[in-house]
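K.L.:
To start, I am sharing the structure in question, which I have written as structure tokens.
The values are calculated or read from the model by the stated rules, or taken from the named source; none is laboratory data. Everything numeric in this text was worked out from a predicted model, so none of it was measured. We place every Cβ from the backbone using ideal geometry, glycine too, and count neighbours over all the protein chains shown. Accessible surface is based on the protein model in full, side chains and every heavy atom, while ligands, DNA and RNA are left aside. Shrake-Rupley method; radii C 1.70, N 1.55, O 1.52, S 1.80 Å.
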Amino acid sequence: MRRHRDQVRMSTPDPTDVHPAWLPDEAWRAIGVRRILVRGEGTLVDTVQAEVERATHRYGGAVWRNPTDADLPPADLVLALTGAPPPDSPPAPEPGPPQTSGTLAGTAVAAAKAQLDIATAQVGESLGAEGFVVARHAGVTVVLADAPAGLLYGLFELVRLGAAGFGPTHPVRVHRPAMARRMLDHWDNVDVHPVMGQVERGYAGGSIFWRDGRPRGDRARVTAYARLLAACGINAVSVNNVNVHATEARLLTERLDDVAELADLLRPYAIRVHLAVTFAAPVVLGGLPTADPLDPAVRDWWAETTARVYARIPDFGGYLVKADSEGQPGPFSYGRDHADGANLLAEALAPYGGVVHWRAFVYNHRQDWRDRSTDRARAAYDHFAPLDGRFRDNVIVQVKHGPMDFQTREPVSPVIAAMPGTRLAVEFQVTQEYTGQQRHVCYLAPWWSEILRFAPWGDDGRTVADVAADGGGLVAVSNVGDDRFWTGHPLAQANLYAFGRLCWNPRLGPQAVLDEWIDLTFAPDTRVDPDLLRRTLHEIMDDSWRTYERYTAPLGVGFMVRPGHHYGPDVDGYEYTPWGTYHFADRDGVGVDRTRATGTGFTGQYPPPFAERYESVETCPDELLLFFHHVPYGHLLHSGSTVIQHIYDTHFEGVREVEAMCRRWEWLARLVDPAVHARVTERLAEQLRCAREWRDQVNAYFHRKSGIPDAHGRMLH
């Protein structure tokens, strides 16, 4: 136990080398000044102990683990498992001399347990493996959990609360995660890819796991990352790219020790390791002549290989697979379907409680742009909806939140409503591939909240969050790298934090989550005027996703980016390529006809009422109009503007908003760390340059296509 605590303490990175993000030392002050009792056993309770020891060592408090003395040490914070022996104390204060702090702690725990028993009886469920309660009684704060992971999450809830966690008396407040699985996918390559580099779609430097074909070996950095993830609620990580190359494939076999080392570092923070594997592994690793999922030899190979994985990593989470998509091998090669392929791996994982995440990102990336009947948006539904009910219980079909590819604005994927007999995970992209690549401020939580609250069957029906909670949870592509600030742009840290918090509770408001991140990240002792700092950051970040949308892709159009690296404007960049056609702009109008009546029929993949709402140009929301309809430039939007004037106006408006961001950030020069201020200033300058380029290229393009001048007479080039 002592060895583990020392290991955790020693693994903390030098703060001069790595930005602490939302866990600066100052965030621990309210806990560190307390007298703390920790009760319970297990690796995660050891982690709780190590964390509070570190805080009390810095700020002068004290901590005791499982004291057995009749006279309890004085305490004003108790972190305890419900099954741990309670502190010796009467159930309620007795008349007579004042109680000692130790007795008060016991009384507080007894009161919290009694309230917890009442609360769980009322709702008919326990706290579960990750839930916890926080209560305040007789000057003592109590965190109770049924299991060690809950105690760890309860500790980080106190970090969020700060001094407010030690305020007025209050009864138990129950916290349970909405999603059982809250996962990040790393698109990290072990070898440096000749095109994509060390991290595919990574915008914050190299991998924190791998470097030049080998493990990076930075244990302190991985431990610091695990702390950050646990503090926002993440409990699963896939440690390599879904596009599995030759070296990455071998992590499943002869390189398994490299994965086990990462699992050892993440485990103390309740994070299970998953691995992206190639479907062709029996051929490329096992020497078999086939990877046919119905071949008995293939099934045996996967069973034996998976047994070896669990022998080395007993809490291994499972496999992540991208198959028959963008050149990755899959069951189609053998005349089989995705259910056949996924069930093969699920069968191998089932004895150990593992799951297979099978991505639904499958489409034809060798399209003929002349064929207007081909529609990439239809692909996931067409491939997977007919298979509903055929997947094993431990298969999680991982569906991108939109039907395309993380564009600036998309409708919710119809697959989410189409597979009631299948466990689904909804996939987001925290790394900002199409939303500024962490060179632009783009706080994504408002968009994610819209998606999670979307009810595909109508306003009174189940939401996207409900589907994910009942199925496979939420998954996102990680946005961290070995950059000092983790995410390249310091403000992009908010997206990672917000993803974890929305996984835990999808009903949290994006502004409230941003408040949490601000108050944790910009610790009080660095603020001259905390209200000005908070207000200014909200002015910069709250609407930044819509600002990005205004100066980039209008009304649901996607992929107007430079092919390959996907940064900056190129209106026709993908329009005549095998990857798909996305705006169909001509002299008369713009947009993709996806209606049943005259187009690709994509609207028919939605249940009512949205099939009808999207089908009609009169009822389709303005922000998605060009995703579903080809309309004249003079078409009148619900806003009262024409399509062409909306394009002009929003692109000018978006640039003005970025200019305002730059001015507002200048005001904060005295209120934030100089290194943070300098990095954000540098990124904002690039954002402004790029926003102006977007404005000028998009406006000039549509002016030349339409021949319609700007109503306000502005320069359109």
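K.L.:
Would you point out the residue of the range 370-384, among those that are modelled with pLDDT of 90 or more and among the basic types (Lys, Arg), that is nearest to Asp337 (Cα to Cα)? Give the derivation first.
P.N.:
We begin by selecting, within the range 370-384, every residue modelled with pLDDT of 90 or more; these are 375-384.
Of the ones still in play, those that are also among the basic types (Lys, Arg) are 376, 378.
Numbers: Arg376: 19, Arg378: 17 Å.
Only one residue tops the list, namely Arg378.
K.L.:
Could you grab me the full set of residues in the range 535-558 that are closer than 23 Å to Ile518 by Cβ, open to solvent by less than 10 Å² (accessible area, probe 1.4 Å) and over 23 Å from the mean Cα position of the chain (by Cα)?
P.N.:
Hit for the range 535-558 is Thr536, nothing else.
K.L.:
In the range 382-396, is there at least one residue being crowded, with 24+ Cβ neighbours inside 10 Å, hydrophobic (A, V, I, L, M, F, W, C) and closer than 20 Å to Arg453 by Cβ?
P.N.:
No, the range 382-396 contains no residue that is crowded, with 24+ Cβ neighbours inside 10 Å, hydrophobic (A, V, I, L, M, F, W, C) and closer than 20 Å to Arg453 by Cβ.
K.L.:
Same structure again: Which residues, counting only those in the range 1-36, are open to solvent by less than 70 Å² (accessible area, probe 1.4 Å), more than 24 Å from His677 (Cβ to Cβ) and at pLDDT below 95?
P.N.:
His4, Arg5, Asp6, Val8, Ser11, Thr12
K.L.:
Starting from residues that are open to solvent by 40 Å² or more (accessible area, probe 1.4 Å) and of a type in the set (D, E, K, R), keep the ones in the range 278-330 and report whichever is farthest from the chain's Cα centre (by Cα).
P.N.:
Asp295
K.L.:
Residues that are surrounded by 20 or more Cβ atoms within 10 Å (Cβ to Cβ), free of Cβ contacts under 8 Å to residues at least 60 places away in the same chain and of a type in the set (Gly, Ala, Ser): does the range 216-229 have at least one?
P.N.:
yes
K.L.:
Same structure, new question: So, in the range 141-177, how many residues would count as being among the aliphatic types (A, V, I, L, M) and part of a strand (DSSP E or B)? It would help to see each step written out before you state the result.
P.N.:
Of the range 141-177, the ones among the aliphatic types (A, V, I, L, M) are 142-145, 147, 149, 151-152, 155, 158-159, 161, 163-164, 172, 174.
Checking the rest, the ones that are also part of a strand (DSSP E or B) come to 142-145, 172, 174.
Of the residues in that region, 6 qualify.
K.L.:
Just need a number here: residues in the range 178-194 that are outside any strand (DSSP E or B), open to solvent by 10 Å² or more (accessible area, probe 1.4 Å) and either in contact with a helix residue (DSSP H, G or I) (Cβ under 7 Å, 6 or more places away or on another chain) or in contact (Cβ under 8 Å) with a residue 40 or more places away in the chain (or both). Reasoning before the result, please.
P.N.:
Residues of the range 178-194 outside any strand (DSSP E or B): 178-181, 186-187, 194.
Then keep just the ones that are open to solvent by 10 Å² or more (accessible area, probe 1.4 Å); that gives 178, 180-181, 187, 194.
Filter once more, so that each one left must be either in contact with a helix residue (DSSP H, G or I) (Cβ under 7 Å, 6 or more places away or on another chain) or in contact (Cβ under 8 Å) with a residue 40 or more places away in the chain (or both): 178, 180-181, 187.
So the answer is 4.
K.L.:
Further, regarding this structure: Can you tell me which residues in the range 237-257 are assigned to a helix (DSSP H, G or I), open to solvent by 20 Å² or more (accessible area, probe 1.4 Å) and of a type in the set (Asp, Glu)?
P.N.:
The initial filter retains those residues of the range 237-257 that are assigned to a helix (DSSP H, G or I), namely 246-252, 256-257.
Next, from what is left, pick out any that are open to solvent by 20 Å² or more (accessible area, probe 1.4 Å): 246-247, 250, 257.
Matches in the range 237-257: Asp257 only.
K.L.:
Go through the range 327-360 residue by residue and tally those that are assigned to a loop (DSSP other than H, G, I, E, B) and either on the phi > 0 side of the Ramachandran plot or without any contact (Cβ under 8 Å) to a residue 60 or more places away in the chain (or both). Walk me through it before giving the result.
P.N.:
So in the range 327-360, the residues assigned to a loop (DSSP other than H, G, I, E, B) come out as 327-330, 335-337, 353-354, 360.
So of that shortlist, the ones also either on the phi > 0 side of the Ramachandran plot or without any contact (Cβ under 8 Å) to a residue 60 or more places away in the chain (or both) come out as 327, 329-330, 335-337, 353-354, 360.
Number of matching residues: 9.
K.L.:
Sticking with this one: I want to confirm something. Restricting to the range 365-381 and keeping residues that are basic (Lys, Arg) and assigned to a loop (DSSP other than H, G, I, E, B), which single residue is least open to solvent (accessible area, probe 1.4 Å)? Break it down stepwise before answering.
P.N.:
Step one: filter the range 365-381 for residues basic (Lys, Arg), giving 366, 370, 372, 376, 378.
Narrowing further to those that are assigned to a loop (DSSP other than H, G, I, E, B): 366, 370, 372.
Values: Arg366: 170, Arg370: 159, Arg372: 140 Å².
Checking each candidate, the answer is Arg372.
K.L.:
Oh, and also: Here are His712, His717, His651, His635: which of them is in contact with a helix residue (DSSP H, G or I) (Cβ under 6 Å, 6 or more places away or on another chain), loosely packed, with under 13 Cβ neighbours inside 10 Å and either more than 17 Å from Thr547 (Cα to Cα) or at pLDDT 95 or above (or both)?
P.N.:
Values: His712 fails: in contact with a helix residue (DSSP H, G or I) (Cβ under 6 Å, 6 or more places away or on another chain); His651 fails: loosely packed, with under 13 Cβ neighbours inside 10 Å; His635 fails: loosely packed, with under 13 Cβ neighbours inside 10 Å.
Result of the check over His712, His717, His651, His635: His717.
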